[in-house]
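Participant: The structure is given below, and queries will be raised subsequently.
Please treat every number below as a calculation from the coordinates, not as lab data. Since we're looking at a predicted model, the values are computed, not measured. Cβ atoms come from the backbone with ideal geometry, glycine included; neighbour counts cover every protein chain shown.
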Amino acid sequence: MTPLAEQTRLEFICLMARIRINNRIEDRAAEIIAETLDAFNDLRRRQLLPRLEFLHGSRTITAPASLTCPECGGRIVIEIDDYEIVSRRPESESLHVVCENDDTDEGIDAHRYWFSDWHPIRARAARWARRYVRVMS
């Protein structure tokens, strides 16, 4: 093997080792974060406080069962566009509240989403999200 080929092989081995190490670090960091957040919510539970929901990656969350669709009674899904950088709380103006039964992928809007029907639900969903949801990424 030529010296250049040997050097290239060693550089490749080092690169692969760095990638494996970085992946393990990221995996372990994610585990530690999850354990810490679980411990945090356990402490909240012991103090009779509701748990906080932490969003990683996805910015969509299903609202609690107390918030239902005013048209069909289905579960409410909250989509979060923006959040405060320091507190990680969703910004009320950036929330989209939809029914989980609405099939928007196919362009079929089964709901009217009239302001008079949905405004109270949007307001309650925004209050709940600001209080109990934190966006982590």
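Participant: Here are the criteria: (1) in contact with a helix residue (DSSP H, G or I) (Cβ under 6 Å, 6 or more places away or on another chain); (2) free of Cβ contacts under 8 Å to residues at least 12 places away in the same chain; (3) of a type outside the set (Val, Ile, Thr). Tell me which single one residue 20 does not satisfy.
Facilitator: (1)
Participant: Somewhere in the range 36-49, is a residue outside any helix (DSSP H, G or I) and in contact (Cβ under 8 Å) with a residue 40 or more places away in the chain?
Facilitator: No: the range 36-49 contains no residue that is outside any helix (DSSP H, G or I) and in contact (Cβ under 8 Å) with a residue 40 or more places away in the chain.
Participant: Which condition from (1) within 29 Å of residue 137 (Cβ to Cβ); (2) part of a helix (DSSP H, G or I) is the one that residue 13 breaks?
Facilitator: Of everything listed in (1) within 29 Å of residue 137 (Cβ to Cβ); (2) part of a helix (DSSP H, G or I), residue 13 misses just condition (1).
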